[in-house]
1. Could you check, for the range B:123-132, whether at least one of its residues is surrounded by fewer than 20 Cβ atoms within 10 Å (Cβ to Cβ) and either under 30 Å from B:Gly44 (Cα atoms) or in contact with a Ser or Thr (Cβ under 6 Å, 6 or more places away or on another chain) (or both)?
2. Which residues, taken from the range C:226-270, are over 28 Å from B:Asp239 (Cα atoms), of a type outside the set (S, T, N, Q) and either in contact with a His (Cβ under 9 Å, 6 or more places away or on another chain) or without any contact (Cβ under 8 Å) to a residue 12 or more places away in the chain (or both)?
3. If I ask for residues that are without any contact (Cβ under 8 Å) to a residue 60 or more places away in the chain and either in contact with a strand residue (DSSP E or B) (Cβ under 8 Å, 6 or more places away or on another chain) or farther than 19 Å from A:Ser272 by Cβ (or both), which ones from the range A:84-101 would you list?
4. Can you tell me which residue within the range B:1-23, out of those that are within 14 Å of chain A (Cβ to nearest Cβ) and surrounded by fewer than 17 Cβ atoms within 10 Å (Cβ to Cβ), is modelled with the lowest pLDDT?
5. Considering each of A:Met238, A:Met277 in turn, give the residue that is touching an Asp or Glu at 6+ places or on another chain (Cβ under 8 Å) and either small (Gly, Ala, Ser) or in contact (Cβ under 8 Å) with a residue 12 or more places away in the chain (or both).
6. Within the range A:44-67, identify whether any single residue is within 28 Å of B:Pro269 (Cα to Cα) and either small (Gly, Ala, Ser) or at pLDDT 80 or above (or both), and answer yes or no.
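The values are calculated or read from the model by the stated rules, or taken from the named source; none is laboratory data. Note that the structure is predicted; figures quoted are calculated from it, not measured. Counting neighbours? That spans all protein chains shown, and the Cβs are built from the backbone with ideal geometry, glycine included.
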Amino acid sequence: MTDPLAGGRPLTSETVPQATVAPGAGASAPSAPAARPARQPSETVSRRREVIHFALRGRKILVGAGVLLVLLVIAVAGPFLRPGDPNAFVGPLGAPPSAEYWFGTTTFGQDVFAQFASGLTATFLVGLTGGGIAAFIGMTVGFVAGYRGGVVDDVLNMITNVILVIPTLALLLVVTAYLSARGLFVEAIFIGLTSWPWAARAIRAQTFSLKTREFVDLARISGASSWRVIFREIAPNMSSYLFLTFILLFGGSILIAASLDFIGLGPTEGTSLGLMMYNAVAWSALQLGMWWWFIPPGIGITAIVGALYVMNVGLDEIFNPRLRES
Amino acid sequence: MTLQITDLRVYYRTLAGDVRALDGVTFGLADGEIMGLAGESGCGKSTLGNSLVRIDGRMKYVAGTVTLDGATLPISDNDQMDEFRFTEVSIIPQYAMSAMNPTRKIGRMVGDLLESRGVKFGDMRGELERRLDLVGLGADVLDRYPIELSGGMKQRMVMVLSTLMNPSLLIADEITSALDVTSQRAVAETLVEFRERGFVKAMIVITHDVSILYQIADTLTIMYAGKLAEKAPTRVITDEPRHPYTRLLVSSLPEVGVRFEDRRLTGIPGTPPSLLGPPSGCRFRERCPLAFAKCAQEPPFVEIGPDHSVACWKAD
Amino acid sequence: MLQLEGVSKVYRVGAFGGTNLTAVRDVTFSVRTGEVVSLIGESGSGKSTIGKMMLRLLRASEGSITFDGTNIAGLDGEALRSYYRNVQGVFQDPFSSYNPVFKVDHIFDLIRGTYFRDADDVEWSHKVEASLDDVALDPAQVLHKYPHQLSGGQLQRLLVARALLLDTRFLVADEIISMLDASTRIDVLNLLGDLKRRGLGILFITHDLSLGNYISEKTVILSRGRIVEMGTTEKVYGNPLHPYTRTLMSSVPQLHRTWREVDADLAATGADAAGRCVYHAAHPEADGDGAGRIPTGLVETEEGHLVGCFRPYLEGAC
């Protein structure tokens, strides 16, 4: 019970007198340590400093963030480099990459680079919106179900399971039948409304475990209301987990959007990386050897999602010291 | 068997520097001796226990030698230590009851362990069942999962496991802390039983609870801030302690019979020094009621009586 | 001041809540002003559950808990906040009691946010410093620090200081010593003794018998949710009657007394009671209870000393 130098659940790695040690899957809350000696403030390394130290050193994070940054710059700079409608017919038909058209042109003479840059913007927006909506719903459902328990939990669980089980593709087909003209945001909303269940489950589980911690009891006997307890006491302890969840939802949304676009269920106007690939396949780019049409969007999607997931792993290592290869 | 530890230093690597958790410890253990190792949190007792078995990634072996039966224990080399673990030196780690794989039957786990030591499970089965019987667990426990056992039962299971290969030295790290009071007595008495039956030759029992050590230990060693403060036969430590820290520690324990209204006990004011940059001289100086000028110089751990060593200038 | 009457707590567990788990069974006792009552039991005895029910963190399934005559089950909102002005708690794990994301001052801010919204900063810091003084802590050493920068003893004392910011008249101290070192334990215990002198009623929940003896007036021994023995501390410790109490007494490791010596002493006292069930002698009809449930009533063997049914700790008790 009295583990000398531990800051968390006792394992040999935790007998180090560190500032804080964070156990638990992804949660950043230290738990159940025992009596420890007091230390002078100068000796303890604050948790933030520790996080930043590892963040700047983590290769995975740097690589992931770097890739995302590059793509973001392209997305933002695109309209300035190649102004005008990306779907306009501007160049020679089906031309390979050249000095003027860095990514060549499509069968119809559209600038692939302009489409790529615009598509990146669309992809980021879908990720943010779809991921954001899913995160919001997932967190609300997760927190309420986890904190309240009982009947409320049972009902929310049922809803979560229903959404989880609904075949989203079939649902989407029905939706497209009714909405003949669809924009990017409709797609994002749809993704947001259907991809939150796993996040809600995970957050509920974390909330359950944090709810039993004594500082929650202390807040309750200090007269704090339930919402105050959830947002001021529980959520900050899961901040890293919530952050990681958002990153995964962001990446997931992009992937789902790209897949939907690719099979033709995407927005009916505008561009996106998935749409580019859809068009490329529809117009036999592969058979015609026009690699410059489908390879950039493919790499683009892979790069964004891959970078996000790699960053996620890297961040998880920071927030959860036990995963660090020291 | 004899254990001799000479000037052992093991530090922890942290972002802020080296924490000198174990800073020069020297003592010996005789055949059949149960030595209690006590002290407050952070004094280095767990570090001492763990370093004799496995120095993990966070720990750093700095100096010192450990000899067991004349042979040097290669504690700084994890691979070489492998042949000594379980057969010569064994540990019942803190929270050992959580150390059993929850998804495997206990019998399978024991089998794996024995196989890793090159012993067939079948050969040991008889002895294993005898020992389980000795600690009050039936042989059927081998067919159960850890979750089906109570805390005390799990602890006893781990004790049997750790001593199955009859190690010369057993280190028990806070094995009673997480147990109920009734299980504590059973577990503590089992330790003594192991020694009586010759399963283990000598033991180091690490705990903060001096009262339990009073019941089962032959000698007591008190540690403070990474160094040894006093080592003596148990009765001597509890009845005639010489080190001021030991004295304060013993007098701060509420025994049954003492009441607040009659005699108000006092604790030890202050806190232990930081081991990141420990002070020079005697480490107890800041909190010691007897501190004087010479304490600026670190007192050596010297023998002042039969089997009684103290690190204090005022001890004699 | 605080009275429990026939309090039980039943949990529904298992798939679809089919099985019932009784954590606390028909518990009745009270705590007066300026009195420390030790609630002693091992893990699973229900002692923490009782503490939580007193703090309204859990609701009693049966029975009533009254504070100054008012049943606390009906309290909500403003009335509940009012209750917390008088009744507070300190929990076992000092490191778990503090939200690791915030500095320790957060626990004071929580109180301020609910009860002292109108206090200005100067007034508030005076109040905080006064409470810290009461628990012998130096504000400069403990304020504006993170929990991991302080020791367990300091953290526990801060929690007591927090309770003192309010007009606490009753404190639930749930195993507050068990995670502390020997040298700090006594400081916190002495603090409780001082509070007792000031008139606070304290429920001291522990598994360590020697601590209970040090500061409490009354002792309640709990086993598997029911009270097995209860009375003034002198009587319970001096003449333990129930076999469970006697087992506890014989297992507690004491300094300067070996287990064998304690066993011998125990065998000498209450030797006549050890073999037969005192409860059954007073309630012979308790035998043959078809459901096999152990009766929860207590019988008074001498003034200020009550004992419950000896089953299942004594074979053939009835």
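1. no
2. Matches in the range C:226-270: C:Val228, C:Glu229, C:Met230, C:Gly231, C:Lys235, C:Val236, C:Leu241.
3. Once the filter is applied, which keeps residues that are without any contact (Cβ under 8 Å) to a residue 60 or more places away in the chain and either in contact with a strand residue (DSSP E or B) (Cβ under 8 Å, 6 or more places away or on another chain) or farther than 19 Å from A:Ser272 by Cβ (or both), the range A:84-101 yields A:Ala88, A:Phe89, A:Val90, A:Gly91, A:Pro92, A:Leu93, A:Ala95, A:Ser98, A:Ala99, A:Glu100, A:Tyr101.
4. B:Leu15
5. A:Met277
6. yes
Residues checked against (1) at pLDDT 90 or above; (2) of a type in the set (S, T, N, Q):
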position	(1), (2)
A:Ala95	no, no
A:Ala99	no, no
A:Gly119	no, no
A:Thr129	yes, yes
A:Val151	no, no
A:Val165	yes, no
A:Ile203	yes, no
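Rundown of residues vs (1) closer than 21 Å to B:Ser90 by Cα; (2) aliphatic (A, V, I, L, M); (3) modelled with pLDDT under 90; (4) not in a strand (DSSP E or B), yes/no style:
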residue: B:Met124; (1), (2), (3), (4): yes, yes, yes, yes
residue: B:Arg131; (1), (2), (3), (4): yes, no, no, yes
residue: B:Ile147; (1), (2), (3), (4): no, yes, yes, yes
residue: B:Pro167; (1), (2), (3), (4): yes, no, no, yes
residue: B:Ile171; (1), (2), (3), (4): yes, yes, no, no
